[in-house]
Amino acid sequence: MDDARDMEADLLAMRRYARALARDESDADDVVQDALLRAIERRATYQPERSRTRWLLAIVHNVFVSAKRRQAAETRRNDRFAQTLLSSIDPQQEEHVRLAEIAQGFAALPEPQRAVLHLTAIEGLSYQQAADILGVPIGTVMSRLSRARAALRDGQSGSGRPHLRLVGGHDDQ
């Protein structure tokens, strides 16, 4: 085999392994891309007498494990962040529950959606200003904001938990 075919075989092996680990094609492609970048950055550590495929697969594995650890740490940070939001207020019990749901929903949003929602809703920036800060087109800001708002709405209605009901009053639903 020539070098081009060897590299193609390595890339296919990396993709297969990443798909097996991530169980999602898009996530697997991200893992492979990050692994390739890491392999290029650390090419000096490659030992030519050893298998390049095994070296690349080890990098895929390490990138995947690192991403999972980062994800778990982010979940813990999000939970702590939601708790800090709640500790700074002293509302009535029903309002407290409602604000807790919103805080948890906000903290659980994917980072791109959370960033856009924070910049526009909390910091009061325009869509264009948020787009400039994030380095994305204004349409991307609008799309992420729409998805974030929808996720917060769906989290309120689709959480599987019963809603607070007004006793002796009318419920909106």
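Spin-label pair residue 52-residue 134: with each label point 7 Å from Cα along the Cα-Cβ axis, the two points sit 3.9 nm from one another.
Qualifying trypsin sites (Lys or Arg not before Pro) in region 1-71, where qualification requires a DSSP coil assignment and no more than 16 other C-beta atoms within 10 Å, comprise 23, 42, 50.
Relative to the Cα centre, the charge distribution of region 1-54, modelled as +1 at Lys and Arg Cβ and -1 at Asp and Glu Cβ, gives a dipole magnitude of about 280 debye. Ordered by 1.4 Å accessible area with all protein chains kept, 29, 79 run largest first as 79, 29. For residue 145, the accessible surface of its heavy atoms amounts to roughly 0 Å² (probe 1.4 Å, protein chains only, rounded to the nearest 10).
The values are calculated or read from the model by the stated rules, or taken from the named source; none is laboratory data. Keep in mind that this is a model prediction, so the values were computed, not measured. Neighbour counts are summed over all protein chains in view; Cβ atoms, including those assigned to glycine, are modelled from backbone coordinates with ideal geometry. When the accessible area is computed, the model is the full protein with side chains, heavy atoms only, and any ligands, DNA or RNA have been set aside. Shrake-Rupley method; radii C 1.70, N 1.55, O 1.52, S 1.80 Å.
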